[in-house]
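The values are calculated or read from the model by the stated rules, or taken from the named source; none is laboratory data. Everything quoted here is computed from the prediction, not taken from an experiment. Note that we place each Cβ from the backbone using ideal geometry, even for glycine, and neighbour counts take in every protein chain shown. Just so you know, the surface numbers come from the protein's heavy atoms only, side chains and all, with ligands and any DNA or RNA stripped out. Shrake-Rupley method; radii C 1.70, N 1.55, O 1.52, S 1.80 Å.
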Amino acid sequence: MTGVVITGWSTVSPAGVGRAALADRLAAAAATVPAGAPAGAGWPSEPSPAAPVDVTALTDEPLPTASGHALVDFDVRAHLGRKGTSFYDRATALAVVACGDALRDAAVQVDDGNRSRLGVVLGTSLGSFRSTSDYTRETLVQDKPYLVNPVLFPNTVMNCAAGQAAIRHGLRGVNATVATGPLAFLDALRYGTNAIARGYVDAMLVGAVEEFSPHRAWTTWLTGQSVPTGEAAAVFLLARADQPRWVGPRREAEVLALATAYGPGGGPAADRALTGCVRRAVRRAGIDPADVACVYTGEAGPEETDEFASACAALGHVPARMRVSRLFGRCDAATGGLALASFLAAPPDDADGRLALLTARSPDGGTAAAIVRGWPDAGAADR
């Protein structure tokens, strides 16, 4: 699975739209690192958590708390215009905007010569939780024979965002949605690299999306999670390094290895599964584990403490640690995408490229790991 590179990317997150906005959030957070905080070799300390914002303007429905991590002023029409966007739910809007911005960032012009060789795969937990719930509610409150608004139905399917992204941007390659919750981005990354390696496409937009909604906010609250609900879409353009120039002139990073594992029942079994998962990824990447400078984990709050320890057990040392949920909230499926984007947006630190480990685990024992090499210009955000 070697030779798959990232030529462009973008995010829509509480920080704003685009890579520059995310880089600014990271730079501001780095300035707030507590004095004496531990850091890995050649890597800054983990920043303090970002403050949530008032999210009551996003909904008329009751919320468990007035604050969260969301892009409150996001308006899809400002980015895509009015035509064709009136029926987008929030998850679809976030994803379509991020996909378009990633294509622009990679300087890719979609035309009849390449649209059939460019695909999309997005990770999610279950699509738009709000759309599914609202449609279901309609079937309960409307008069018989259940006069449900049919315009609501397309948004209830999990692949709505990926499908609309392909329609909007004229892409006719592989189109897929991976719904594996916290593992979704890394699973989508694996799906996309496999599609490229097997020749089904020349390039893939690979990403994940979660929207802010009362439904997710209440889920976070009722399950006792300490980190407020967040939202984000993170999308990357992947291609083989030897593909034609239309996939983008830059080569920002290379996906060296991916691995997954399952520890039945979670707990210690999942800890062991993740340790083995990371070891396999290191072996497949052909790297020295001591060269991994930072671990980006899917953990969010203090109640989740074993993921980083499991990764360190496999690496044989304690590198720097980054939990992007501290900066962007609990973004579930999109957390892994934010982690990769945060790695690419970090300032370059050496001429030979940087190595990062991305990990994720689900409550039922699923685990995933990826090793990515970032190249010196990956942190530039002025484009």
Taking +1 at the Cβ of each Lys and Arg and -1 at the Cβ of each Asp and Glu, which of Gly199, Gly84, Phe74 sits farthest along the dipole of the chain towards its positive end, judged by Cα position relative to the Cα centre? Gly199
Beta bridge orientation in the chain: antiparallel %, DSSP, nearest 5: 65
Working note, the chain: Cα radius of gyration (Å, one decimal) and Dmax (Å, whole number) are 19.8, 68
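Which value, in Å², gives the accessible area per residue of the chain when a 1.4 Å probe is used on the protein heavy atoms? Don't skip to the end; give the middle numbers.
Details: 15390 Å² over 383 residues.
That works out to 40 Å² for each residue.
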Peptides 125-135, 253-263: what's the order by average Cβ count within 10 Å, highest mean first? 253-263, 125-135
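Quick one: Cα convex hull volume of the stretch 131-175, Å³ per residue?
67
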Charges at C-beta only: +1 for Lys and Arg, -1 for Asp and Glu. How large is the resulting dipole of the stretch 220-342 about its Cα centre, in Debye rounded to 20? 400
Which residue fluctuates most in the GNM of the chain (Cα springs below 10 Å): Glu307, Glu252, Glu138? Glu138
Given an 8 Å cut-off on Cα distances and at least 6 residues of separation, report the relative contact order of the chain as a percent. 24
Which order do the peptides 356-365, 78-87, 323-332 come out in when sorted by mean C-beta neighbours inside 10 angstrom, highest first? 323-332, 356-365, 78-87
Based solely on C-alpha atoms, express the radius of gyration and the Dmax of the stretch 150-245 in angstrom. 15.9, 50
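All other residues with a Cβ under 11 Å from the Cβ of Ala369 taken together, and with Lys, Arg as +1 and Asp, Glu as -1, what is their net charge? Mind showing how you got there, number by number?
Working: positive: Arg190, Arg279, Arg280, Arg284, Arg361; negative: Glu307.
Net charge around Ala369: +4.
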